[in-house]
Structure formats: C-alpha cells, structure tokens
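Quick notes on the structure that follows.
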Amino acid sequence: MKKVFIFALFIGSFTSSFSQDSILLDSCCRNNVVPYYYEDSPLLYKDGFYALKLFITENYTKTDFSKISTNSGIVVIHFKVTCDGIVKNIIHECFDYDYNVIELNSSIIKVLEKTVAELKNWKIGLNEKKEPLCYHKFLSFKLVQGQIIEILPN
C-alpha cells in the first residue's frame, strides 16, 4: 500500500510540473485566446521581420547540421503568444518539399523550438475592450542540408 501511495505521489508531481505551461497560459489569458491576431502587421514582432530573422539565424547557425541525416524539409513551428508577449505551447510539424509529412532530425527541431521560445519582442494582443489576449502564431522554416533558406511569413 505504501508503494502505491508513493507511486501515485510521484505521478501527481510529474503531471503537475508537466502541465505547468498550460496552467500559466490559461491563467494569463483567462481563456481569451484568438486563433490569429492581426493589427497593423501580420507578423506582430515589435522590431519587424528583419530583427526576427536576424535573431533566429544568429542563434540557429551556432550548430552545424549539414553532416547529419534527415536535415532538409519544411518545419512549421506553432505557438501561442501570451498576454505578456511570451511564447508558450510550442508544437511543430515537418514536411518534405511536396508537403508530405516527414520526420526531421530531432536536434534540428530542438534548436528551432528553443530559438522561437527565446523571441521576446512580440506585440501584446488586445481585444475590443483593450484587454490583453493570447494569440496563435506560426513560423515556417525551409531547410536545405540543415541550413535555413527561408522563413515565412515574411
């Protein structure tokens, strides 16, 4: 019985720490998430697309992915921008150039997700009452031999 209780306690603590991002996202946004948010700019990055692209390419190219396998394709990173302008709930999809689902090397995905999570200059979304809201964004990366060739939307 004691072993069952310890196991349940361990699973409960693991589950609560695993879902912490979702809890923070819900409390921050008060369930006020819009699918996509458009104001003046479809990108909504405060410093503009050039600054976003520069940040990503500088941080991504610190690692050489040219010699690993499964290093070419399109990676789409979906994420939420919270009421505080912070990136949360990152997920990804990978495609070949004909948009068939593929798996790219996990180290490439980890670096891309980490780099996107470090983007800090997102505009705060506002609803009609000028209250902050969360919104969905995505960035697509075209990779050839591990190098970023194009970032969309631009």
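The values are calculated or read from the model by the stated rules, or taken from the named source; none is laboratory data. This structure is a prediction, so every number in the text was calculated from the model and none was measured. Positions of Cβ are backbone-derived with ideal geometry, glycine not excepted, and every protein chain shown enters the neighbour counts.
Applying the selection to segment 83-141, what residues are over 11 Å from G73 (Cβ atoms), hydrophobic (A, V, I, L, M, F, W, C) and within 12 Å of the chain's Cα centre (by Cα)?
I86, V87, I90, I91, V111, L112, V116, A117, L119, F138, L139
Given the criterion loosely packed, with under 12 Cβ neighbours inside 10 Å and outside any strand (DSSP E or B), identify the matching residue among S66, S107.
S66 is the lone residue from the list that is loosely packed, with under 12 Cβ neighbours inside 10 Å and outside any strand (DSSP E or B).
A quick yes/no check of all residues on (1) farther than 20 Å from Y50 by Cα; (2) hydrophobic (A, V, I, L, M, F, W, C); (3) free of Cβ contacts under 8 Å to residues at least 60 places away in the same chain:
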position: I86; (1), (2), (3): no, yes, yes
position: Y97; (1), (2), (3): yes, no, yes
position: L133; (1), (2), (3): yes, yes, no
position: F141; (1), (2), (3): no, yes, no
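Being under 18 Å from V144 (Cβ atoms), of a type in the set (S, T, N, Q), in contact with a Ser or Thr (Cβ under 8 Å, 6 or more places away or on another chain) and modelled with pLDDT under 90 is the requirement here; does T63 meet it?
yes
Within segment 134-153, is even one residue modelled with pLDDT of 85 or more, among the small types (G, A, S) and outside any helix (DSSP H, G or I)?
Yes, there is a match, as at least one residue in segment 134-153 is modelled with pLDDT of 85 or more, among the small types (G, A, S) and outside any helix (DSSP H, G or I).
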